[in-house]
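Only the coordinates and a few stated rules stand behind these numbers; no lab work does. This one's a predicted model, so the numbers in the text were calculated from it and none came from an experiment. All Cβ positions, glycine included, derive from the backbone under ideal geometry; neighbour counts span all protein chains shown.
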Amino acid sequence: MAQVHSRAARAAGATTAVLASSSRERALTAAQDLGIERAADDLAELLTQDVDVVHVCTPNATHAAFALAVIEAGVHVICEKPLATHVDDARDGAQAVLRALETAPLGFDHFLIAAADTVMTRPNAELVAEVFPDVEVRGELGVNDSLFSTAKAERLLGYAPQHSWRDHV
């Protein structure tokens, strides 16, 4: 998948600057094969580099954890599918799709579907202050409430997140 993502990023005008893999040797080989300038020992080292976006192209079971680490580092992430590897993780997304099909609005529309709470361990106010110091916060930030608004999906589809990962840990 790294080949596909690398090719797509370059086609869009991006520079692929650093690559990490399951071992230093694999990272060096893949970086050389793909024409990427640097190889990192692991994700932690990669996140110390000056990067704008990290593409997660790892085994499925690592997608969520790696994507979370990238987000917590304040870096944009593109994650290979699937993000959810268990049915419990995907129930709210499935509910949103079902509601969209049942509602059958005319024309095309898009919706942001998100959990009601984040997977972050730090409070939202602390994260927002660190990652977006110059952004004005309008309204109350719940300690771990989602920072994504699903209001449009709630209004037009009747969607509301019903499940939380916190109920399973």
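Under a point-charge model restricted to the Cβ atoms of Lys and Arg (+1) and Asp and Glu (-1), what is the dipole moment magnitude of the stretch 2-79 relative to its Cα centre, in debye to the nearest 20?
Here the stretch 2-79 has a charge dipole of around 280 debye.
What are the principal axis extents of the Cα atoms in the chain, in Å, biggest first?
50, 36, 34
GNM on the chain, C-alpha springs below 10 Å: top fluctuator among 52, 33, 109?
109
Which is farthest toward the positive dipole end of the chain among 46, 19, 6, measuring Cα position about the Cα centre, with Cβ charges +1 (Lys, Arg) and -1 (Asp, Glu)?
With unit charges placed on the Cβ atoms, the residue in question is 6.
What dipole magnitude, in Debye to the nearest 20, does the chain give about its Cα centre under +1 on Lys/Arg Cβ and -1 on Asp/Glu Cβ?
520
Give me the net charge for the shell around residue 27: Cβ to Cβ below 13 angstrom, other residues only, Lys and Arg +1, Asp and Glu -1. Can you show the working numbers first?
Working: positive: 24, 26, 38; negative: 25, 33, 37, 41, 42, 45.
So the environment of residue 27 carries a net charge of -3.
Are there DSSP H segments in the chain that both extend 18 Å or more along their axis (alpha-carbon positions) and score a mean Kyte-Doolittle hydropathy of at least -1.0? List them, or say none. Show your work: numbers first, answer last.
Working: long enough: 87-103 (24 Å, -0.26).
Those that clear 18 Å and a mean of -1.0 are 87-103.
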